[in-house]
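Since the structure comes first, as structure tokens, the remarks are kept for the end.
The values are calculated or read from the model by the stated rules, or taken from the named source; none is laboratory data. This structure is a prediction, so every number in the text was calculated from the model and none was measured. Quick reminder, even Gly has a Cβ in these numbers, built from the backbone with ideal geometry, and neighbours come from all protein chains shown.
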Amino acid sequence: MSSVWRQRPTMSNFHGPTEDISQFEHVRRRHVGRYLSATVIVAIGAWIVTAFVRGQIDWSIVGQFLTVHSIVLGLANTVLMTALAMMLGVVLGVTAAIMRLSANPVVNRAAGAYVWFFRGTPVLLQLLLWFNLALVFPNLGIPGLFEVHTVDVMTPFLAALLGLGINQGAYTSEVVRAGLLSVDQGQYEAAKSIGMPRLQALRRIILPQAMRVIVPPIGNELIGMVKLTSLASVIQFPEMVHSAENIYYANNRVIELLIVAGIWYVVIVTVLSALQTRLERHFARGAGRSVQTR
Amino acid sequence: MNPIVKAVGVRKSYGTFEALKGIDLEIERGEVLCVIGPSGSGKSTFLRCINQLETVDGGALWVNDELVGYRRAGHKLYELSESEIARQRLTTGMVFQRFNLFSHKTALENVTEGPVQVLKRNRKLAEAEARDLLARVGLAYKCDAYPVELSGGQQQRVAIARALAMKPALMLFDEPTSALDPELVGEVLAVMRDLARTGMTMVVVTHELGFAREVASRVLFMDQGQVIEGGLPEQVLGTPTQARTREFISAVLG
């Protein structure tokens with residue numbers, strides 16, 4: 001009831017309207033917690049830095065191996081594999097997402113089964129399966145027309161590409177599906193009303209708008225992929241970690257070479273993050289809200 | 001000339017709810033038909049059946065002398081393919097209650113999308129026509145604005161231009177002013193009034209009885225999935241013969 005709060009006793013710092021406080025100085029609240037947490041963080045940071053500086057790390061070795069031939073080759077392989085596996089993942093993901101929204105139960109469930117299997121098993125296991133495919137299918141091809149020995153074809157490169165890309169597609173399809181569902185039903189209807197068939201409406205109207213929702217998690221997955229490629233070292237794919245390992249097996253400079261690889265990973269991820277921000281800005285057009293940078 | 005829309009016993013159900021309980025109706029070319037009625041009366045559903053955003057469950061519907069959704073061969077009706085349905089939709093233009101402009105495209109791109117992508121027309125020509133259309137709805141200066149930068153009334157006028165760009169034989173309006181702030185209703189109705197003057201065939205589902213009285217050549221009152229009565233505006237709105245129509249009109253006029 002309004003009459004109740006009107007009758008509440010006045011608070012101690014309530015001053016009557018007769019006293020003029022408009023000229024008083026404003027004193028800001030003191031953020032004790034912020035100073036405290038900042039101090040703790042700076043202390044921890046300083047401790048980590050000194051640990052690395054004083055530790056048994058020969059930084060000249062790090063500098064020396066940063067641009068050595070096999071590391072640069074590993075870096076190139078990492079970048080190449082990331083790009084190709086991600087492309088395969090996005091193509092498969094978009095296809096599977098569209099299939100999952102299909103009215104045809106067979107198409108729909110096939111896509112569901114794909115996601116179920118490849119999300120359900122570890123990617124390391126999948127890499128090993130592809131690499132050892134010859135144990136199940138000794139030959140590939142159409143019998144009589146052309147055939148190849150699986151061992152000859154299934155190089156570490158191809159096994160890594162299939163393992164990483166197909167696994168990625170299963171995750172990407174869920175991201176794309178969420179994006180497609182985020183677009184208002186009215187957009188499909190408007191596309192239909194100007195005579196667009198379903199696939200054209202998806203390509204021209206729905207997907208571009210879904211991209212706003214899809215790009216941030218895909219960027220996240222791409223960055224994940226950069227590092228996931230290191231798993232391919234177990235099937236002898238010569239990416240960066242594999243190169244670093246080969247060097248430290250020879251010279252025993254384990255931490256130094258891991259730092260070399262680490263530096264390059266951070267560089268790649270930094271570049272990709274910047275690209276992602278630009279891409280998000282592109283797909284945010286017409287969304288009424290610019291990308292939050294802070 | 002044959003009527004542009006002919007409905008015979010059109011039925012539509014959602015589960016156990018019967019949205020349309022057998023609609024018989026003919027709409028002549030050049031007519032401006034206003035459909036009024038309480039919400040849930042089936043008026044929007046009927047409109048959406050005309051351009052196949054809904055499929056009919058029973059009866060038959062012809063638009064522009066074509067059987068909607070089916071091809072007759074002998075004594076059987078074969079369901080049309082998706083691309084044939086898309087082609088049939090080209091006869092009609094649709095304006096939605098919630099505008100549904102393509103939010104990633106500018107006003108001009110919204111209008112050119114259909115002509116360029118669906119009708120495969122030359123982009124330059126389509127753009128010139130789109131500019132004319134936007135000028136016609138009073139938005140020549142908003143060609144490069146995204147929908148989010150436009151008011152509701154402006155968005156709806158762009159939506160009308162987008163539908164007109166496909167050169168439809170029939171324009172459908174599904175409560176085009178219901179989502180608008182009161183002060184913006186007038187500008188959209190003005191555009192529709194101009195369109196009616198050009199002789200465009202229009203079916204307008206609306207709650208704007210004033211507009212219906214002034215612009216409609218015929219008013220139809222629907223309730224509970226049926227056409228209750230229809231006739232000249234002054235007759236249906238002024239001296240309705242059915243009790244339900246009278247109740248509805250006095251409720252709307254308050």
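Scanning the stretch B:207-221 for residues being out of contact with any strand residue (DSSP E or B) (no Cβ under 6 Å at 6 or more places or on another chain) and of a type outside the set (Gly, Ala, Ser) gives a total of 6.
Looking only at the stretch A:51-68, residues that are surrounded by 10 or more Cβ atoms within 10 Å (Cβ to Cβ), in a helix (DSSP H, G or I) and among the hydrophobic types (A, V, I, L, M, F, W, C) come to 6 in all.
One residue is enough: does the stretch A:186-200 have a residue meeting the conditions more than 13 Å from every other protein chain (Cβ to nearest Cβ) and not polar (S, T, N, Q)? No; the residues of the stretch A:186-200 include none that is more than 13 Å from every other protein chain (Cβ to nearest Cβ) and not polar (S, T, N, Q).
Within the stretch A:177-294, which helices (runs of 4 or more DSSP H) (wholly inside it) include 1 or more residues that are within 20 Å of the chain's Cα centre (by Cα) and under 30 Å from B:Ile85 (Cα atoms)? Spell out the reasoning first.
Working: elements: A:185-193, A:198-201, A:207-228, A:240-251, A:254-283.
By residue number, A:207-228.
Annotation note: of B:Leu119, B:Leu53, B:Leu101, the sole residue that is farther than 19 Å from B:Thr201 by Cβ, crowded, with 19+ Cβ neighbours inside 10 Å and of a type outside the set (D, E, K, R) is B:Leu101.
Is the stretch A:99-113 home to any residue that is in contact (Cβ under 8 Å) with a residue 24 or more places away in the chain and surrounded by fewer than 18 Cβ atoms within 10 Å (Cβ to Cβ)? Explain how you work it out, then say what you get.
The initial filter retains those residues of the stretch A:99-113 that are in contact (Cβ under 8 Å) with a residue 24 or more places away in the chain, namely A:100-101, A:111.
If we keep only those that are surrounded by fewer than 18 Cβ atoms within 10 Å (Cβ to Cβ) too, we end up with A:101.
Yes, there is a match, as at least one residue in the stretch A:99-113 is in contact (Cβ under 8 Å) with a residue 24 or more places away in the chain and surrounded by fewer than 18 Cβ atoms within 10 Å (Cβ to Cβ).
Per the conditions (1) assigned to a loop (DSSP other than H, G, I, E, B); (2) crowded, with 19+ Cβ neighbours inside 10 Å; (3) within 14 Å of chain A (Cβ to nearest Cβ), the sole criterion not satisfied by B:Ala161 is (1).
For the stretch B:62-105, filtered to residues that are of a type in the set (A, V, I, L, M, F, W, C) and more than 21 Å from the chain's Cα centre (by Cα), the residue that is farthest from the other protein chains (Cβ to nearest Cβ) is B:Ala73.
Inspection of the stretch B:168-179 identifies at least one residue that is more than 13 Å from B:Leu195 (Cβ to Cβ) and either more than 17 Å from the chain's Cα centre (by Cα) or without any contact (Cβ under 8 Å) to a residue 40 or more places away in the chain (or both).
Conditions (1) among the β-branched types (Val, Ile, Thr); (2) within 29 Å of A:Gly286 (Cα to Cα), marked per residue:
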| position | (1), (2) |
| --- | --- |
| B:Thr55 | yes, no |
| B:Ala60 | no, no |
| B:Asn64 | no, no |
| B:Arg71 | no, no |
| B:Gly74 | no, no |
| B:Ser83 | no, no |
| B:Phe102 | no, yes |
| B:Thr106 | yes, yes |
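For (1) surrounded by 10 or more Cβ atoms within 10 Å (Cβ to Cβ); (2) closer than 30 Å to A:Ile259 by Cβ; (3) at pLDDT 90 or above, each residue gets a yes or a no:
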residue: A:Arg8; (1), (2), (3): no, no, no
residue: A:Pro17; (1), (2), (3): no, no, no
residue: A:Phe24; (1), (2), (3): no, no, no
residue: A:Gly33; (1), (2), (3): no, no, yes
residue: A:Val42; (1), (2), (3): yes, yes, yes
residue: A:Val49; (1), (2), (3): yes, yes, yes
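You will find that of B:Leu125, B:Leu108, B:Leu139, the residue that is buried (at least 17 other Cβ atoms within 10 Å of the Cβ), more than 12 Å from chain A (Cβ to nearest Cβ) and over 21 Å from A:Tyr188 (Cα atoms) is B:Leu139 and no other.
Would you confirm whether any residue within the stretch B:42-51 is facing chain A (nearest Cβ under 9 Å) and either polar (S, T, N, Q) or farther than 23 Å from B:Gly152 by Cβ (or both)?
yes
Within the stretch B:48-75, the only residue that satisfies the criterion of being of a type in the set (D, E, K, R), closer than 25 Å to B:Pro176 by Cβ and part of a loop (DSSP other than H, G, I, E, B) is B:Glu54.
Please find, among A:Ala46, A:Ala110, the residue that is small (Gly, Ala, Ser), out of contact with any Asp or Glu (no Cβ under 7 Å at 6 or more places or on another chain) and within 29 Å of A:Lys227 (Cβ to Cβ).
Details: A:Ala110 fails: within 29 Å of A:Lys227 (Cβ to Cβ).
None of the others qualify; the one that does is A:Ala46.
For the stretch B:111-122, residues that are within 18 Å of the chain's Cα centre (by Cα) and facing chain A (nearest Cβ under 9 Å) total 1. Residue check: is A:Phe157 in a loop (DSSP other than H, G, I, E, B) and closer than 27 Å to A:Val79 by Cα? Against the criterion (in a loop (DSSP other than H, G, I, E, B) and closer than 27 Å to A:Val79 by Cα), A:Phe157 does not qualify.
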